[in-house]
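The values are calculated or read from the model by the stated rules, or taken from the named source; none is laboratory data. Just so it is clear, the structure is predicted and the values come from calculations on it, not from any experiment. Positions of Cβ are backbone-derived with ideal geometry, glycine not excepted, and every protein chain shown enters the neighbour counts. Heavy atoms of the whole protein, side chains included, go into the accessibility calculation; ligands, DNA and RNA do not. Shrake-Rupley method; radii C 1.70, N 1.55, O 1.52, S 1.80 Å.
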Amino acid sequence: MSPAELKRAAAARAVGLVEDGMRLGLGTGSTATVFVELLGEKVRAGLKVVGVPTSEATRRAAEAAGIPLTTLDDTPDLDLTIDGADEIDPQLRLIKGGGGALLREKIVAAASRRMVVIVDGAKRVETLGRFPLPIEAVPFGLVATTLAVAAAIRSAGCAGPLTIRKDADGTPFHTDGGHLILDAGLGAIPDPEALARALVAVPGVVEHGLFLGLATGAIVAEAADGQPRIVTLGAA
Ligand SMILES: O=C[C@H](O)[C@H](O)[C@H](O)COP(=O)(O)O
């Protein structure tokens, strides 16, 4: 089975978690976009929900799908966020931000009673860090911030290159919030909590892609004899 088929299977299972009247966080990325499209079919069939998009890309997808949108200011208490992840470990700790949406995603996830992650099986790891950790930083003083981030990474027992994320045309990538992203190629993060504490202490760092204690469950689609096998983790 292709990754796209597995993502669709996970997204389809997540649609089944949505109940009439729910206030939803709508995640970002290719898997979350499939969820938004499938949710739109239910909305057009009469399901009553409102959603807070976690990126401008998701806003556009949700509008195209006909999902009523709200803002986190108008709806600060969400019932359920459905979002993807770049990596997930057995403790439901995540690396997110591969698409640059980590800041709004974390704010929305933190405002949700439940966060259910939808991934294909390739995202499961025993130890986070194979995927480069996105670190969102303000452009002002980036060189100084980068040096401080490198020191913070060392203090947490990690090491690896820091790369400023670039767009396809070679210019620096900017998030929806106008920030830059440093991708940290750490390989392994033995103590994610220690690294998270060290990173948030760095002036100039807005957010990082370690989502710790936020996911309440996960829907993992794995290939089994040519068919998607759904594995649920936590309280999915
Ligand atoms: O910034 C992007 C988000 O954190 C995504 O949820 C994450 O990158 C996973 O995306 P995908 O489902 O496309 O693998």
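Key figures
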{"quantity": "Cα-based shape type of the chain, given that a ≥ b ≥ c are square roots of the gyration tensor eigenvalues and the cut on a/c is 1.5", "calculated": "prolate"}
{"quantity": "Portion, in percent, of the accessible area of segment 133-205 that falls on carbon or sulfur, probe 1.4 Å", "calculated": "65 percent"}
{"quantity": "Label zone at THR163 (point 7 Å along Cα-to-Cβ), backbone N below 14 Å, segment 131-150", "calculated": "131-135"}
{"quantity": "Accessible area per residue, Å², segment 133-205 with all protein chains present, probe 1.4 Å", "calculated": "47 Å²"}
{"quantity": "Rounded FRET efficiency, nearest 0.05, which uses the C-beta distance separating ASP225 from HIS174 and R0 of 45 Å", "calculated": "0.55"}
{"quantity": "At most 13 other Cβ within 10 Å, DSSP loop - GluC sites (Glu not before Pro), segment 79-131", "calculated": "GLU126"}
{"quantity": "Residue-averaged 222 nm ellipticity for the chain, from DSSP H runs of 4+ at -39500 (n - 2.57), nearest 500", "calculated": "-9000 deg cm²/dmol"}
{"quantity": "Cα-centre dipole for the chain with unit charges at Cβ (Lys and Arg positive, Asp and Glu negative), debye to 20", "calculated": "160 debye"}
{"quantity": "Förster radius 22 Å - calculated FRET efficiency between ALA151 and GLU193 (Cβ-Cβ, nearest 0.05)", "calculated": "0.75"}
{"quantity": "Nearest-ten-degree value, helix 142-155 long axis tilted from longest Cα axis of the chain", "calculated": "90 degrees"}
